[in-house]
1. Return the Rg/Rh ratio of the range 50-154 with Cα-based radii and a Kirkwood Rh.
2. What is the range 47-155's relative contact order, in percent, from Cα pairs under 8 angstrom and six or more apart in sequence?
3. Which FRET efficiency, nearest 0.05, do Ile72 and Arg143 yield, Cβ-Cβ r, R0 22 Å?
4. Tell me, Cys133, Cys44 in order of fewest to most beta-carbon neighbours within 10 Å?
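Throughout, read-outs are computed from the coordinates displayed, never taken from laboratory work. None of these values were measured; they are calculated from a predicted model. Cβ sites come from the backbone with ideal geometry, for glycine too, and all protein chains shown count toward neighbours.
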Amino acid sequence: MVNLPGVLVRHGALLDDKQVAFEFNTSSGRADYLLKDSLGRVVCVLEANDILTASITIGSIFTAFLATSESIILTFNSPLMSKVRKTSYFRLLMSYLGEGIWSALAFCILALVGYFLDNTSYPRLFVVIWFFCSAATFFTFFRITYLLMKMIGKE
């Protein structure tokens, strides 16, 4: 936990709600949350779009990882992969990879769309879709990673 001088915090919550201000610059389109000390001086600036930036970053990393995994699996020659290719599980594995890639790509696109919405109050539908899409992305990524680690362990 970060200790900022003059900021009254107990159990992770601000005691004085006047210490947080929202500032929107209409000329630049930048929206920030300002954390102030007890004297009203700004001690920290949090950009309102940080969660969307992080979402795009995570989604693009997941997309790249899964696409690379798919190309490695397609070119990997081993006795285990030869056996897997002859079964219906190979098609299932490739569909899991495809679902993961499309899910991560949709997550990136959704976060990008969020930049064009009014970031002072996102529509509830956007938040629900963002949450669902982030959960789908993480779970499909976990599923593929788990399966790949099991396959590598059997090599």
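1. On the way: Rg = 16.4 Å, Rh = 14.9 Å.
Result for the range 50-154 is an Rg/Rh of 1.10.
2. Averaging sequence separation for qualifying contacts and normalising by length gives 40 percent for the range 47-155.
3. Values: r = 17 Å, r/R0 = 0.77.
Plugging the Cβ-Cβ distance into 1/(1 + (r/R0)^6) gives 0.85.
4. Ranked by crowding around the Cβ, least crowded first: Cys44, Cys133.
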